[in-house]
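First up is the structure itself, then whatever we jot down about it.
The values are calculated or read from the model by the stated rules, or taken from the named source; none is laboratory data. Source: prediction; values computed, not measured. Methodologically, a virtual Cβ is constructed for each residue, glycine included, from the backbone with ideal geometry; neighbour enumeration extends over all protein chains shown.
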Amino acid sequence: MSYKFKQLLFDGLSFVFVAMTAYMWILNPTPEEQIEKMFFYFQMFLGLYVVGIGISYYLSHLGFVTLGSKLFEPAYKKKDHKVVRWYKTFSGWQFLIVLTVLFIVGLIKTKFSVYELLNIDGFQGVIRLFNEITSPNLALLPKAILNIFETIFMAFMATVLAIPFAFVLSFVSAKNVMTGKVGYPIYLLTRTTFNIMRSIEAVLWAIIFSVWVGIGPFAGMLALMIHSIASLAKQYSEMVESVSDGPIEGVMSCGANRLQTVWYGIVPQVILPYVSFTVYRWDINVRMATIVGFVGGGGIGTLLIQYQGQAMWPEVGTIIMVIAIVVWLMDQASAYIREALK
Amino acid sequence: MAEKTKTILSVRNLTKQYPSGVKALKGISLDVKEGEFLVVIGLSGSGKSTFLKCINKLIDATSGEILFYDDQSSNNANAVIDICKVNAVSGVKKIRQKIGMIFQHFNLVPRHSVLSNVLMGKLATTSTLNSLLGHFSDSDRAEAQKYLDLVGIGDKAHIRADQLSGGQQQRVAIARALTQNPKVLLADEPVASLDPATCHVVMDYLKKVNQELGITVVCNLHFLSLVRQYATRVVALKDGQLVFEGSPEEITPEWFEKIYGAGAQQVHIN
């Protein structure tokens, strides 16, 4: 019955969204009023959610197929439905209405404005900026090159130092390795930790580490390393989960213990994808290292933010040029290496 | 010939129910005699594979017992082990060491060399640290090479395992199992993914292992023609139950129909 539960939650949410949008549109409260009455809106949200769930339940009782049930119902139920054109189905209209309302709310929330986009003053500003950036100040080139080396090695060290941690953790967080009463909780714990670590952006880690070890490339490298450990461990462990069982069974049948089974049954199957992911991670880290530099992580990013703050656009142009060339080269190189590894 | 009548495995009321609710084995009882070439036949899904994997604990049986008469020369009471009751890691390791297995899809480690694959038969007797570093003793290496020579691919020792043909891979798997010095060799559909010609080569090596090394073989097979040629005794499973036990010659067309269902046709491999 769990699909029914998902259906009710989904349909309820789609109802409450449309209903509350309509309410807001009619009363049109100011942002101040909205902040003030947030708790009331929350109560209203819960109330309408219950109503929405009730409606969904009643509709499927009457035999309508709502969008929620269409999404979540199991395959054996899907077989029973005839093929009907979408505009003759309830779920089709539900989808259209929810999507339309989402789009309209999106336009309002992002203050979408065609007028601003076509404003001639703003456009001339961009042209001036563009002209300055495209006439780079080459006197800065040696300094930019020196700094991009810092960035490249930040990314390199972050990747290399992340490998041993990620390698070990990848087996601890793979479902097919961590079985049994002890293993499964460990799997859940490590997976959740990785997801939390990854949801904290490298930029935030850089802020944390710049307080800890001081502003500079070391802080940026540590930030990238933490992020790389979580990302690599997750990608690695997904590889571990998709290995074929045959070699594992074969090694186990020889009387190997758990560690031997992992080493001989799993590692040979995942080692190439691991290398491939790692090369790609270095490539990603070079790009992220630039961003990390914006908040004090060292490297070319720090240099860029200094000149951007002073609106020295020709210098910014030089830096952007150097970054673009390096990122392009890294991208090509990593693509070639990964292709060769297949 | 009195030796041959000794029981090495004694299976009693073995059942296996999978978490999905499927009952693969519904109370199997049979004896495996030392030194015999026992073939298990039956349709796909009759429980043949489950039966074999229960013996070396790749699958844990639900109930019943499998008595393994490990060392019959001594009067030690510990020489009889109920495989179904063994749960400790060391116990499972000991059983797997003495009961080797080969598989339909060979289950070799593809990126390792043939020799390295065969040396995996020594994992149970090598320390974890040494095995992770790939340090195997010279005598282990010599033994691995000896069994590779025995199955006729001694010259392929340093080739990557996935570069070999199917039949050669299965021979590597046999060598791997032999390196364990097992008393029993389980073979789960060893020729089902091989072409008819290679099929006989592999079966001949199993026969050689059985006759020259005296290792008891329990083998799942599809083809009845192979059964007649290689088996010393046959059992048949149908829907998780034992429906036939006897010599290969005793499988008459009537029995064939009973085991495989009415309308089944015999396929011959020559």
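Would the range B:146-159 turn up any residue that is in contact (Cβ under 8 Å) with a residue 12 or more places away in the chain, within 14 Å of chain A (Cβ to nearest Cβ) and not in a helix (DSSP H, G or I)?
Kept after step one, since they are in contact (Cβ under 8 Å) with a residue 12 or more places away in the chain, are these residues of the range B:146-159: B:147-148, B:150-153, B:156-159.
Next, only the ones that are within 14 Å of chain A (Cβ to nearest Cβ) stay: B:147.
With the extra rule that they be not in a helix (DSSP H, G or I), the set shrinks to none.
No, the range B:146-159 contains no residue that is in contact (Cβ under 8 Å) with a residue 12 or more places away in the chain, within 14 Å of chain A (Cβ to nearest Cβ) and not in a helix (DSSP H, G or I).
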Tell me which residues, restricted to the range B:44-56, are crowded, with 22+ Cβ neighbours inside 10 Å and in a loop (DSSP other than H, G, I, E, B).
B:46, B:47, B:56
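Picking from B:22, B:86, B:80, which residue would you name as being within 14 Å of chain A (Cβ to nearest Cβ) and at pLDDT below 90?
Numbers: B:22 fails: within 14 Å of chain A (Cβ to nearest Cβ); B:80 fails: within 14 Å of chain A (Cβ to nearest Cβ).
Only one candidate qualifies: B:86.
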Looking at the range A:88-116, I want the residues that are on the phi < 0 side of the Ramachandran plot and have a partner that is of a type in the set (Asp, Glu) with Cβ atoms under 8 Å, at least 6 apart or on another chain. Which pairs are those?
A:94/A:11
Which numbered condition in (1) under 29 Å from the mean Cα position of the chain (by Cα); (2) away from every other protein chain (no Cβ under 14 Å); (3) over 19 Å from residue A:156 (Cα atoms) is the only one that residue A:266 fails?
(2)
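Would the range A:186-201 turn up any residue that is part of a helix (DSSP H, G or I), in the same structural domain as residue A:292 (by TED's automatic domain parsing), aromatic (Phe, Trp, Tyr) and without any contact (Cβ under 8 Å) to a residue 12 or more places away in the chain? Spell out how you get there, then give the answer.
Of the residues in the range A:186-201, the ones part of a helix (DSSP H, G or I) are A:186-199.
Still in the running and in the same structural domain as residue A:292 (by TED's automatic domain parsing): A:186-199.
Restricting the remaining residues to those that are aromatic (Phe, Trp, Tyr) gives A:187, A:194.
Filter once more, so that each one left must be without any contact (Cβ under 8 Å) to a residue 12 or more places away in the chain: none.
No, the range A:186-201 contains no residue that is part of a helix (DSSP H, G or I), in the same structural domain as residue A:292 (by TED's automatic domain parsing), aromatic (Phe, Trp, Tyr) and without any contact (Cβ under 8 Å) to a residue 12 or more places away in the chain.
Tell me which strands (runs of 3 or more DSSP E) are completely within the range B:1-43 and hold 2 or more residues being in contact (Cβ under 8 Å) with a residue 12 or more places away in the chain, hydrophobic (A, V, I, L, M, F, W, C) and closer than 13 Å to residue B:245 by Cα, or say none if there are none.
B:23-33, B:37-41
If you go through the range A:90-133, how many residues are assigned to a helix (DSSP H, G or I) and either under 30 Å from residue A:30 (Cβ atoms) or in contact with a Cys (Cβ under 6 Å, 6 or more places away or on another chain) (or both)? Walk me through how you get there before you give the answer.
The initial filter retains those residues of the range A:90-133 that are assigned to a helix (DSSP H, G or I), namely A:90-109, A:114-117, A:120-133.
Next, only the ones that are either under 30 Å from residue A:30 (Cβ atoms) or in contact with a Cys (Cβ under 6 Å, 6 or more places away or on another chain) (or both) stay: A:97-109, A:114-117, A:121-122.
Counting residues in the range A:90-133 that are assigned to a helix (DSSP H, G or I) and either under 30 Å from residue A:30 (Cβ atoms) or in contact with a Cys (Cβ under 6 Å, 6 or more places away or on another chain) (or both) gives 19.
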Of the conditions (1) assigned to a helix (DSSP H, G or I); (2) modelled with pLDDT of 90 or more; (3) not acidic (Asp, Glu), the single one that residue B:101 does not satisfy is (1)
With (1) surrounded by 18 or more Cβ atoms within 10 Å (Cβ to Cβ); (2) within 14 Å of chain B (Cβ to nearest Cβ); (3) more than 13 Å from residue A:167 (Cα to Cα) as the list, and residue A:244 as the residue in question, which single condition is left unmet?
(1)
So, residue A:289, is that one more than 7 Å from chain B (Cβ to nearest Cβ), touching a helix residue (DSSP H, G or I) at 6+ places or on another chain (Cβ under 6 Å) and not β-branched (Val, Ile, Thr) or not?
yes
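Mind checking which helices (runs of 4 or more DSSP H) fall wholly inside the range B:170-270 and carry at least 2 residues that are among the hydrophobic types (A, V, I, L, M, F, W, C) and surrounded by fewer than 18 Cβ atoms within 10 Å (Cβ to Cβ)? So that I can check it myself, show each step before the final result.
Working: elements: B:196-212, B:224-230, B:253-260.
Hits in the range B:170-270: B:196-212, B:253-260.
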Quick check on my filter: what residues within the range A:305-342 are more than 15 Å from residue A:283 (Cα to Cα) and hydroxyl-bearing (Ser, Thr, Tyr)?
A:307, A:318
Run residue B:59 past the list (1) part of a helix (DSSP H, G or I); (2) within 14 Å of chain A (Cβ to nearest Cβ); (3) over 30 Å from residue B:159 (Cβ atoms) and report the number of the one that doesn't hold.
(1)
Of those in the range B:95-143 that are of a type in the set (A, V, I, L, M, F, W, C) and over 23 Å from the mean Cα position of the chain (by Cα), the residue nearest to the other protein chains (Cβ to nearest Cβ) is B:132
